[in-house]
Every structure is written in structure tokens, then in C-alpha cells.
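A quick write-up on the structure given underneath.
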Amino acid sequence: DQQVKQNSPSLSVQEGRISILNCDYTNSMFDYFLWYKKYPAEGPTFLISISSIKDKNEDGRFTVFLNKSAKHLSLHIVPSQPGDSAVYFCAATGGGNKLTFGTGTQLKVEL
Amino acid sequence: DAGVIQSPRHEVTEMGQEVTLRCKPISGHNSLFWYRQTMMRGLELLIYFNNNVPIDDSGMPEDRFSAKMPNASFSTLKIQPSEPRDSAVYFCASSLTLNQPQHFGDGTRLSIL
């Protein structure tokens, strides 16, 4: 049972435009959400997180939005840059338990 | 500060051989995780430890897989005997506690011929 879902395996965006990566979850116990970024031949690196007491968290070009009623979160990257091309993983946790990861979305930022 | 260190980076071996993957977590981190990444399933959690104790190994695919953490600075993931379908990238990650952001190693790319 996939508790964290990233339904778009890939996304292509032009440089300078907004990239929106989506993630849905099913477990209502999840209260902390994270995004990871992964380049080829490297391990995932932590990007940004959000607690369920907030609905938005911003860090530079990256903003994560949380809609608890819809059990949905999204990562916005503005403006998108070619160096942002990577696989993005959404992850969630709650109740002191381990992180559960989605299957990832491959973002390609084109010139 | 050194990150999570995995070895080897690449491993190519024949079916039936024993494979041992190694991981050194970040010093002071109490939780350690082993993942497998495939195209079909993304990042799958195989097993995780807290304070060197295995907490959940329900992700380990078969009895051919085993993992140990003899001390706070070292863990191994062993596959015996290995099969071609075990080919994947295996990641180790560590975190301060179970639900804190995890820091990943660069992975071991395993190819079983």
C-alpha cells in the first residue's frame, strides 16, 4: 500500500518558469513532510520540510504548500534553473515513525 | 563533517555469490536506514535500526537479505546468494532520530550477472 504517492513520474519545464511537483498521502497520522532532491549517481539530499501546523514554508526559490484536508502537498520552484533538473522525492512521517517516501518525479528544466 | 559513507560504490558479481555492502553513518546519528532504489518502485526501505537495534525489517525482500549493525559507526547489508533481480542501487541513510531528515550516502550500484 503506497501511503505517499507522486503520480507524475516526470515533468518538463522551461528555464525561468515555475515548476510544481505534487505529492498525495493517505495516512492521516502523518504530520511532518519533506522533499528530497536526487542527482544521478548521488544519494538524495534534504531540500525543505513542513510541519502540519503550517500550510506553507519558503526557502529561497523553493516553497512547499500543505493542504491537510486534501492530504496533498506541493513543491514550487521559482524561477526554475537547469541545475534543478533532478529526481524529487516526497516523504512523510508521523507519530515518531520512520519516513515513508514516494516514488519520485523526474524534473527536467530546459533552456 | 563527513557524510554517510558507503562502500563499495560499484559492485559487479556473478549470480550465487555473496555480496556485502557497508555503511558508516554520520557520527552522533542514532538511526540508520537501508534503501533499495529501482525504476519500478523508487526508494524502498529495506530495514532500519535505532540505537544499533533493528526496528523494522519488513521491507527485506527475502531471507537471502540480512543486515547487521554491530556498533554505532558501522552497518552491513548482505545478500547470499545473490540473484540478477537484486541488481539495483542500495542506499544507506542516517538521522539524529527516527523522524528527522535523513542524510544519504552516495549509494552502491550493484549488478548481479
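The values are calculated or read from the model by the stated rules, or taken from the named source; none is laboratory data. This is a predicted model, so every value here is computed, not measured. Note: ideal-geometry Cβ built from the backbone for every residue, glycine included; neighbour counts use all protein chains shown.
Listed here are the strands (runs of 3 or more DSSP E) enclosed by the range A:32-75 that have at least 1 residues being under 27 Å from B:R109 (Cα atoms) and polar (S, T, N, Q): A:45-51. The condition (being modelled with pLDDT under 95, at negative phi and part of a strand (DSSP E or B)) is satisfied by just one residue among B:L32, B:L77, B:L45: B:L45.
If you go through the range B:90-113 and keep only what is surrounded by fewer than 19 Cβ atoms within 10 Å (Cβ to Cβ), under 16 Å from the mean Cα position of the chain (by Cα) and hydroxyl-bearing (S, T, Y), you end up with just B:S111. Residues in the range A:24-54 that are of a type in the set (V, I, T) and more than 14 Å from every other protein chain (Cβ to nearest Cβ): A:T26, A:I53. Exactly one residue out of A:N57, A:N67 is in contact with a strand residue (DSSP E or B) (Cβ under 8 Å, 6 or more places away or on another chain), farther than 29 Å from B:A88 by Cα, of a type in the set (S, T, N, Q) and within 14 Å of chain B (Cβ to nearest Cβ): that is A:N57. Tell me whether the range B:65-73 contains one or more residues that are touching an Asp or Glu at 6+ places or on another chain (Cβ under 8 Å), exposed (fewer than 15 other Cβ atoms within 10 Å of the Cβ) and either closer than 21 Å to A:G104 by Cβ or modelled with pLDDT of 95 or more (or both). No, because not a single residue in the range B:65-73 is touching an Asp or Glu at 6+ places or on another chain (Cβ under 8 Å), exposed (fewer than 15 other Cβ atoms within 10 Å of the Cβ) and either closer than 21 Å to A:G104 by Cβ or modelled with pLDDT of 95 or more (or both).
Restricting attention to the range A:66-88, the residues that are hydrophobic (A, V, I, L, M, F, W, C), buried (at least 17 other Cβ atoms within 10 Å of the Cβ) and touching a Ser or Thr at 6+ places or on another chain (Cβ under 8 Å) total 4. Checked against (1) within 14 Å of chain A (Cβ to nearest Cβ); (2) over 18 Å from B:G107 (Cα atoms); (3) loosely packed, with under 15 Cβ neighbours inside 10 Å, B:E62 passes all but a single condition, namely (1). Of everything listed in (1) within 19 Å of A:Q106 (Cα to Cα); (2) in contact with a Phe, Trp or Tyr (Cβ under 6 Å, 6 or more places away or on another chain), the single unmet condition for A:E15 is (2). Scanning the range A:18-53 for residues that are among the acidic types (D, E) and either in contact with a Phe, Trp or Tyr (Cβ under 7 Å, 6 or more places away or on another chain) or under 18 Å from B:T38 (Cβ atoms) (or both) yields a count of 1. Of the residues making up the range B:94-113, those that are facing chain A (nearest Cβ under 10 Å) and outside any strand (DSSP E or B) are B:T97, B:L98, B:N99, B:Q100, B:P101, B:Q102, B:G105, B:D106, B:G107.
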